[in-house]
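Right, one structure below, let's go through it.
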Amino acid sequence: MAKRVIVCGAGLAGLNAARNLLSFGFEVILLEKSDRPGGRIATELVDGFKLDRGFQVVNPSYSELRRTGVAKKLDLIEIPKGVDIRIASQTFRVGDFRSNLGYLRDDLSSSTGKLSEKLKFLAYLLRRPEELSFGEAAASFEGFFERTLKPFLDGVFLTDSRQISNRVARELIGWFIKGNPVLINGGIGKLAETLSEGLAIEYGAEVISVSEKEVVTKIGKFDADAIVVATDPVGAATLLGQPVPEMNSCTTWYFKIKPDEIRSNHLRVGGIGPVANSLVLSNLLDDCAPEGAGLLQATTLEDCAEGEVRDHLSYLWDRDAADWELIARNEIAGALPRHGAGQGLVASAKLGNGVFVAGDWRNIPAQQGALLSGRLAARAVNALLSER
Ligand SMILES: Cc1cc2nc3c(=O)[nH]c(=O)nc-3n(C[C@H](O)[C@H](O)[C@H](O)COP(=O)(O)OP(=O)(O)OC[C@H]3O[C@@H](n4cnc5c(N)ncnc54)[C@H](O)[C@@H]3O)c2cc1C
């Protein structure tokens, strides 16, 4: 009879752990407290708009995503590999000139940073990353960092990117260089739905405690030969008696705009105000807005008033945002684990007594980290159960 493994939590880490455990031949039960797969990957329908629960992009080059093979089942829409930065009421379009030579002019402009600093940044990318904060590592290209990199990366890390681990920054910048981020027609929730195909998931099964070979949930007890805890970072650390990670939070604001009001399909950053980034999603996605409407997202990182968001958006998009209809405001308290300098990149999945752990807090704070941690936990379970 196949040995049984219970996976707690059907986010990307739990889903990938379950998929890998099934491929090793185990009986797998996935326990999920909510009524859907995906955790922080979710899409909701609001007044005919398809809104992701927090703006996020997918990088099809993530090695772990490629391993799953699900990308080919999704309708992926490439986002331009460049960003519009607003500096002193002007817009500079910078980006990967290998994808678009049109970026070269502003890549080389002194307004986006000194050329000498840009060359130092390239040299930094070629060095082995030191164990520092990203802010410390960026000291030799400070001006370029402040003007161009930070406005973009704060929205990636959902915090002041100076504070995060230089190793994490390097790894994520590396994925941006390798790949071309995409959005998904139908919403990011499609990624989770596709990853969950063929898995047996018990919904409404909130895990209350985990011990050797037993999981207690609100709907009953489950026995297993091994257990993988892949609930959210704070929840998992609490269940397992581990140090609780600090989390970054964010809010995504969704506004209805006129379909042709803004033509840009580039992410827009910069200026002074609460908005970390903004994008007109309906200029890229076919089906995120109902007929006759456009959809714009703005992500903020700190508490702020709606008026401040509108003022900053007016500056960013160079038009009056006062009358845009607010469709939704998604506050996400535990959006990303804060990965500081000195914290290793991959924490062990094995905790002892047949209990394993997965989640983006055990790896890099991104879809890649969540998926990888799930696969590593499955591999560690397989190593334990095959030696018995
Ligand atoms: C706003 C936002 C923007 C992001 N942007 C990007 C991006 O652009 N690119 C990128 O790569 N990554 C991005 N990320 C990060 C990425 O979404 C996460 O790293 C990843 O989804 C985490 O997956 P996880 O499985 O580790 O955790 P989670 O998604 O938190 O999954 C945990 C699961 O466990 C369940 N659960 C919790 N407690 C219990 C319990 N007691 N019992 C049973 N089940 C339980 C939860 O309901 C959930 O389904 C972003 C995240 C957010 C929130």
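The values are calculated or read from the model by the stated rules, or taken from the named source; none is laboratory data. Keep in mind the model is a prediction, meaning the values are calculated, not measured. Counting neighbours? That spans all protein chains shown, and the Cβs are built from the backbone with ideal geometry, glycine included.
Summary of computed values
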quantity	calculated
Members of region 334-370 that are at pLDDT 95 or above and farther than 28 Å from A226 by Cα	A335
Those residues of region 24-61 which are charged (D, E, K, R), part of a strand (DSSP E or B) and near the ligand (Cβ under 7 Å from one of its atoms), in sequence order	E32
From V216, V234, V244, residue being in contact with a helix residue (DSSP H, G or I) (Cβ under 6 Å, 6 or more places away or on another chain), surrounded by fewer than 21 Cβ atoms within 10 Å (Cβ to Cβ) and not polar (S, T, N, Q)	V244
Some residue of region 34-54 being over 30 Å from E325 (Cβ atoms), in contact (Cβ under 8 Å) with a residue 60 or more places away in the chain and of a type in the set (A, V, I, L, M)	no
Pairs, first part of a loop (DSSP other than H, G, I, E, B) in region 299-320, second loosely packed, with under 13 Cβ neighbours inside 10 Å, C-beta under 6 Å, six or more apart	none
Residues located in region 177-221, provided they are assigned to a loop (DSSP other than H, G, I, E, B), near the ligand (Cβ under 9 Å from one of its atoms) and within 18 Å of the chain's Cα centre (by Cα)	P181, I188
Given (1) under 18 Å from N363 (Cα atoms); (2) surrounded by fewer than 20 Cβ atoms within 10 Å (Cβ to Cβ); (3) of a type in the set (S, T, Y), number of the condition S23 does not satisfy	(1)
Odd one out for G344 among (1) crowded, with 16+ Cβ neighbours inside 10 Å; (2) assigned to a loop (DSSP other than H, G, I, E, B); (3) without any contact (Cβ under 8 Å) to a residue 24 or more places away in the chain	(1)
Looking only at region 222-248, and only at residues there that are under 20 Å from P365 (Cα atoms) and among the acidic types (D, E), the one that is nearest to the ligand (Cβ to nearest atom)	D232
Matching residues in region 72-94 - criterion: being free of Cβ contacts under 8 Å to residues at least 60 places away in the same chain and outside any loop (DSSP other than H, G, I, E, B)	K72, Q90, F92, V94
Candidates I219, I227, I262 - the one that is β-branched (V, I, T), in the same structural domain as L313 (by TED's automatic domain parsing) and either at negative phi or in contact with a strand residue (DSSP E or B) (Cβ under 8 Å, 6 or more places away or on another chain) (or both)	I262
Set G69, G102: member being under 30 Å from A370 (Cα atoms), free of Cβ contacts under 8 Å to residues at least 24 places away in the same chain and surrounded by fewer than 21 Cβ atoms within 10 Å (Cβ to Cβ)	G69
Candidate set from region 352-388 (those that are away from the ligand (no atom under 14 Å from the Cβ) and not aliphatic (A, V, I, L, M)); member that is surrounded by the most Cβ atoms within 10 Å (Cβ to Cβ)	G354
Close pairs from region 367-379: first assigned by TED's automatic domain parsing to the domain that holds L22 and in a helix (DSSP H, G or I), partner surrounded by fewer than 24 Cβ atoms within 10 Å (Cβ to Cβ) and aromatic (F, W, Y), Cβ under 6 Å, at least 6 apart	Q368/Y62
Which listed residue, of A298, A349, A333, A328, is crowded, with 20+ Cβ neighbours inside 10 Å, within 16 Å of the ligand (Cβ to nearest atom), in the same structural domain as V269 (by TED's automatic domain parsing) and hydrophobic (A, V, I, L, M, F, W, C)	A298
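One line per residue, one yes/no per condition, for (1) more than 19 Å from R338 (Cα to Cα); (2) away from the ligand (no atom under 14 Å from the Cβ); (3) buried (at least 18 other Cβ atoms within 10 Å of the Cβ):
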residue	(1), (2), (3)
A123	yes, yes, no
P129	no, yes, yes
E136	no, yes, no
S140	yes, yes, no
T159	no, no, yes
Q163	no, yes, no
V168	no, no, yes
L172	no, no, yes
